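Structure record follows, encoded as structure tokens.
The values are calculated or read from the model by the stated rules, or taken from the named source; none is laboratory data. Note that the coordinates shown come from a computational prediction; the quantities given were computed from them, not determined experimentally. Cβ sites come from the backbone with ideal geometry, for glycine too, and all protein chains shown count toward neighbours. Note: accessible area is taken over every heavy atom of the protein model, side chains too, but ligands, DNA and RNA are not part of it. Shrake-Rupley method; radii C 1.70, N 1.55, O 1.52, S 1.80 Å.
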Amino acid sequence: MSSRASGKNTLSGDESATGITSVNRDGIWFLAKDREYFIPFRNYRKLRSASVERIWKVKFFPPGHLRWNELDVDIELDALEEPEKFPLEYRG
């Protein structure tokens, strides 16, 4: 199952080729810098438990920072490209 909004730009500004391309039960596909990134829900619990409506409220800050204000989630594209360099740690 896939939830897709064809041709919808989810971001404002000059990022016309940037935004969420798909949300499914396993995670989020995000297009940025001419590349599609997968954000697995298993690694980002706050995104997994969020509504699809809240997931679509992402902001992209070039050159490679994703921010969900309502969910207090930040992800660097570098962490998606080379996850072994950015181990996830719970600090709570």
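Computed quantities for the displayed model
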{"quantity": "Residues located in region 79-91, provided they are open to solvent by 80 Å² or more (accessible area, probe 1.4 Å) and either assigned to a helix (DSSP H, G or I) or within 18 Å of TRP29 (Cβ to Cβ) (or both)", "calculated": "GLU84, LYS85"}
{"quantity": "Pair list, Cβ < 8 Å and 6+ apart or interchain, from region 21-40 residues that are more than 16 Å from VAL73 (Cβ to Cβ) to residues that are open to solvent by 70 Å² or more (accessible area, probe 1.4 Å) and aliphatic (A, V, I, L, M)", "calculated": "ASN24/MET1; ARG25/MET1"}
